[in-house]
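Single-structure report; data block below.
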Amino acid sequence: MSALNKKRLGDFLLEEGLIDKFQLASALAEQKKWGGRLGKHLIELGILSEEVLVKVLSKLLALPSVDVGRLSIPRHVVEYVQVRTAEKYNVIPIGIEDAPGSTKTIIVAMSDPTNLPALDELRFTTGCAVRPVVSGDTSIERAIRTYYYGTSSPAPDPKRAASGDMVIMQGGEPRTVRMDGGESDSSPPRDGSV
């Protein structure tokens, strides 16, 4: 997370050639006028897609990314975070790591993993260590509606959902995490999907 302190999102996007100075200036003007996060304004202006923003944030912050729309999240995992907290910070719990002899860790998909008040509240309310992963606002909002209100059904990849594992991307490499609280496995799925 300290990577964001060293390099700002706008500068990083310019360096990567994903936006130009005019596009950055337009998004910054919108941010100044309306508030909010720069990434949200880049998406609303049609400059970046949410998918590209998630990949960029993952790289910039050196955090894994995940598409929560492709997951089937167990009910007991969702119950770790109250709906009010999930909506307030636009987060969704996606997994638990509970290795013997270590602190239980909740894996939380969030669009702003630099939000320290959100991380602090999650630590306090769950009693767990928190490991953020980057995901898009839209997919998190959809997952909140699905898992807390039952208003839409998730469409997980059947191969991934059947195994009880999820695959997150870290540094461009797939990493498999068991969603039932079991041990992690760093190998990619056997079928080659990511």
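The values are calculated or read from the model by the stated rules, or taken from the named source; none is laboratory data. Quick caveat, the model's predicted, so the values are computed rather than measured. As a convention, Cβ positions derive from the backbone with ideal geometry for all residues, glycine included, and neighbour counts pool all protein chains shown. Accessible surface areas use protein heavy atoms only, side chains included; no ligands, DNA or RNA. Shrake-Rupley method; radii C 1.70, N 1.55, O 1.52, S 1.80 Å.
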Qualifying residue in region 163-177 (condition: within 12 Å of Gly69 (Cα to Cα), out of contact with any Ser or Thr (no Cβ under 6 Å at 6 or more places or on another chain) and at pLDDT below 95): yes
Condition met for Gly46 (more than 22 Å from Pro117 (Cβ to Cβ) and in contact with a helix residue (DSSP H, G or I) (Cβ under 6 Å, 6 or more places away or on another chain)): no
Count - residues of region 67-100 that are aliphatic (A, V, I, L, M), open to solvent by 10 Å² or more (accessible area, probe 1.4 Å) and out of contact with any Phe, Trp or Tyr (no Cβ under 9 Å at 6 or more places or on another chain): 1
Which listed residue, of Gly39, Gly35, Gly46, is touching a Ser or Thr at 6+ places or on another chain (Cβ under 9 Å) and open to solvent by less than 70 Å² (accessible area, probe 1.4 Å): Gly39
Residue under evaluation Leu53, criteria (1) among the hydrophobic types (A, V, I, L, M, F, W, C); (2) over 18 Å from the mean Cα position of the chain (by Cα); (3) closer than 25 Å to Val130 by Cα, criterion not met: (2)
